[in-house]
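Peer 1: Below is a structure I'd like to ask you about.
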Amino acid sequence: MILAIETSCDDTCAAVVDGPRVLSSVASSQARLHERYGGVVPEVASRHHLELVNAVIEEALASAGCELEGVDALAVTTHPGLIGALLVGVNSAKALAAATRKPLIAVDHLHGHVAAAFLEPDPLEPPFLALVASGGHTLLAAVREHGSYEVLGRTLDDAAGEALDKAARLLGLGYPGGPAIQREAESGDSAAFSFPVAMSRGGGLDFSFSGLKTALVYAVRDLGPDTTAERRADLAASFQAAVVSQLVAKLDRALKGGEWEAVALGGGVAANSLLRERAGELCERRGMRLKLVPIELCTDNAAMIGSAARYGEAVAYPGYLGWDAAAG
Ligand code: KG4
Ligand code: ZN
């Protein structure tokens with residue numbers, strides 16, 4: 001049994017996992033606090049992690065029906081993320097592990113998003129191809145064994161979630177942008193505007209979303225504020241469709257070689273219903289298994305950190321006392 005802690009961005013999370021079983025997963029979102037700024041304010045995030053972290057850990061233990069003494073090890077996200085935010089989780093984990101003389105496991109946040117696929121329901125075992133799209137990262141990864149992956153493609157500029165967050169801000173839809181765009185897009189026409197889908201020649205697997213973002217900036221400027229407001233749903237639907245088209249097109253490219261029999265989607269953007277639907281169609285057409293991680297395990301959570309920790313190095317007390325967090 002592992003008690004995992006995750007505070008890399010604006011969600012204060014703790015979870016208890018037992019192998020692939022999630023015994024509890026608690027996430028306290030700070031989204032409402034950051035909404036009025038249109039994005040995460042790092043200092044505000046750290047301060048709130050500090051206020052919330054103990055209660056979140058206690059709740060994770062209580063709803064798992066166990067005590068701190070009963071867990072075998074602790075795990076914590078040490079990188080990448082907002083440094084002040086990460087430090088709260090790292091220091092809490094170090095303190096709890098040291099007080100109980102338990103081992104501690106350091107986890108890379110992106111490994112966590114991949115490892116969400118190893119959790120129930122229907123755990124997926126390697127090998128598989130993973131598409132991880134979050135607020136800070138977008139990558140295609142070859143997962144050949146637990147505990148490591150090879151990056152086949154990544155974004156050259158903005159992450160998919162970052163593009164959605166910036167688009168939502170431009171359209172006055174609030175933060176976080178992905179869910180807001182998805183909601184607005186429901187009543188819009190995705191063919192109303194034709195936004196660019198960056199597809200490099202030569203079959204490369206890298207992503208690019210900055211051209212798409214610029215296209216939206218120009219569209220909004222040309223329409224003017226009144227027409228932009230009137231056509232907000234069409235703009236949101238067309239923008240969302242362009243983001244999803246690129247993600248699915250690169251996934252399709254990566255699958256062409258025929259090496260893979262299974263695909264997993266992870267990261268906050270994998271909560272997007274259009275992406276889930278389009279990836280489902282693609283995998284069905286190609287006759288491969290698609291692991292759709294439950295939505296609450298796509299967005300930041302600590303269960304995925306506990307899942308990755310199963311394949312990480314458990315460092316015995318006092319070896320971890322000198323650990324630090326890292327932004328990159
Ligand atoms: O993985 P995550 O929770 O945090 C990071 O590691 O960044 O991902 C957050 C990102 C944000 O950009 C958010 O707008 C996006 O995931 N997101 C979504 C949806 N839910 C969250 N994007 C599209 N559709 C959603 N339903
Ligand atoms: Zn994340």
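Please treat every number below as a calculation from the coordinates, not as lab data. This structure is a prediction, so every number in the text was calculated from the model and none was measured. Please note: Cβ atoms are built from the backbone with ideal geometry, for glycine as well, and neighbour counts cover all protein chains shown.
Peer 1: Sum -39500 (n - 2.57) across every DSSP H segment of at least 4 residues in the chain, then divide by the residue count to get the 222 nm mean residue ellipticity, nearest 500.
Peer 2: When only DSSP H runs of four or more count, the value is -14000 deg cm²/dmol.
Peer 1: Moving on to the next point. State whether region 200-241 is rounded, prolate or oblate according to the following rule on the C-alpha gyration tensor (a ≥ b ≥ c being the square roots of its eigenvalues): a/c under 1.5 gives rounded; otherwise a/b larger than b/c gives prolate, and the remaining case gives oblate. Working shown, then result.
Peer 2: Details: a/c = 4.43, a/b = 2.42, b/c = 1.83.
It comes out prolate by the Cα gyration axes.
Peer 1: Here is a further query. Setting aside same-chain residues fewer than 8 positions from residue 256, which lysines have a Cα under 26 Å from its Cα?
Peer 2: 291
Peer 1: Select from 180, 106, 27 the residue whose mean-square fluctuation is largest in a Gaussian network model of the chain (Cα-Cα springs shorter than 10 Å).
Peer 2: Ranking 180, 106, 27 by mean-square fluctuation puts 180 first.
Peer 1: Oh, and also: For residue 94, give me every one of the lysines with a C-alpha distance below 24 angstrom, ignoring sequence neighbours fewer than eight places off in its own chain.
Peer 2: Answer for residue 94, where 24 Å is the Cα cut-off: 102, listed by chain and number.
Peer 1: Which FRET efficiency value, to the nearest 0.05, do you get for residue 100 and residue 148 by plugging their Cβ-Cβ distance into 1/(1 + (r/R0)^6) with R0 = 41 Å? Please report the intermediate quantities before stating the final value.
Peer 2: On the way: r = 29 Å, r/R0 = 0.71.
About 0.90, to the nearest 0.05.
Peer 1: Which one, 155, 12, 77, has the greatest fluctuation when you compute a Gaussian network model over the chain with C-alpha springs under 10 angstrom?
Peer 2: Looking only at 155, 12, 77, the biggest GNM fluctuation is shown by 155.
Peer 1: Whole angstrom only: what separates the Cα centroid of region 32-73 from the Cα centroid of region 276-328?
Peer 2: With region 32-73 and region 276-328 each reduced to a Cα centre, they are spaced 18 Å.
Peer 1: Quick one: Debye curve from the C-alpha atoms of region 1-146, no solvent, what's log10 I(q)/I(0) at q = 0.09, 0.18 Å⁻¹?
Peer 2: The Debye formula, applied to the Cα set alone, gives -0.28, -1.10.
Peer 1: Still on this structure: How many nm separate the modelled label positions at residue 226 and residue 67, each set 7 Å beyond the Cα in the direction of the Cβ?
Peer 2: 6.9 nm
Peer 1: Another question, then. GNM, the chain, Cα, under 10 Å: largest mean-square fluctuation among 286, 221, 201?
Peer 2: The residue with the greatest mean-square fluctuation here is 201.
Peer 1: Between residue 51 and residue 169, take the C-beta separation as r, use R0 = 30 Å, and let me know the FRET efficiency to the nearest 0.05. Each step should come with its number before you reach the end.
Peer 2: Values: r = 26 Å, r/R0 = 0.88.
With a Förster radius of 30 Å, E is 0.70.
Peer 1: Right, something else. Full extension from residue 218 to residue 189: what is 0.36 nm times the residue separation minus their Cα-Cα distance, to one decimal in nm?
Peer 2: Numbers: separation 29, 0.36 × 29 = 10.44 nm, distance 1.89 nm.
This chain segment gains 8.6 nm when fully extended.
Peer 1: Over the chain, what portion of Cα pair distances is larger than 31 Å, expressed as a whole percent? Intermediate results must be reported in sequence, preceding the final value.
Peer 2: Values: 17252 of 53628 pairs.
Tail fraction, whole percent: 32.
Peer 1: At residue 44 and residue 288, where each label point lies 7 Å from the Cα along Cα→Cβ, what is the point-to-point distance in nanometres?
Peer 2: 4.1 nm
Peer 1: What share of the DSSP beta bridges in the chain is antiparallel, in percent to the nearest 5?
Peer 2: Numbers: 25 of 43 bridges.
If we restrict to bridges inside the chain, about 60 percent are antiparallel.
Peer 1: Given contacts defined as C-alpha pairs under 8 Å and at least six residues apart, what's the relative contact order of the chain, whole-number percent? Kindly include the intermediate steps, with their values, before the conclusion.
Peer 2: Details: 739 pairs, mean separation 82.4, N = 328.
Relative CO of the chain lands at 25 percent.
Peer 1: Given an 8 Å cut-off on Cα distances and at least 6 residues of separation, report the relative contact order of region 179-282 as a percent.
Peer 2: Values: 100 pairs, mean separation 41.2, N = 104.
Relative contact order for region 179-282 comes out at 40 percent.
Peer 1: Alpha carbons only, please: Rg and Dmax for region 130-213, in angstrom.
Peer 2: Cα-based Rg and Dmax for region 130-213 come out at 14.7, 43 Å.
Peer 1: Report the Stokes-Einstein translational diffusion coefficient (µm² s⁻¹, integer) for region 41-105, Rh taken as the Kirkwood radius over Cα pairs, at 25 °C with viscosity 0.890 mPa s. Please report the intermediate quantities before stating the final value.
Peer 2: On the way: Rh = 12.5 Å.
In µm²/s, the coefficient rounds to 197.
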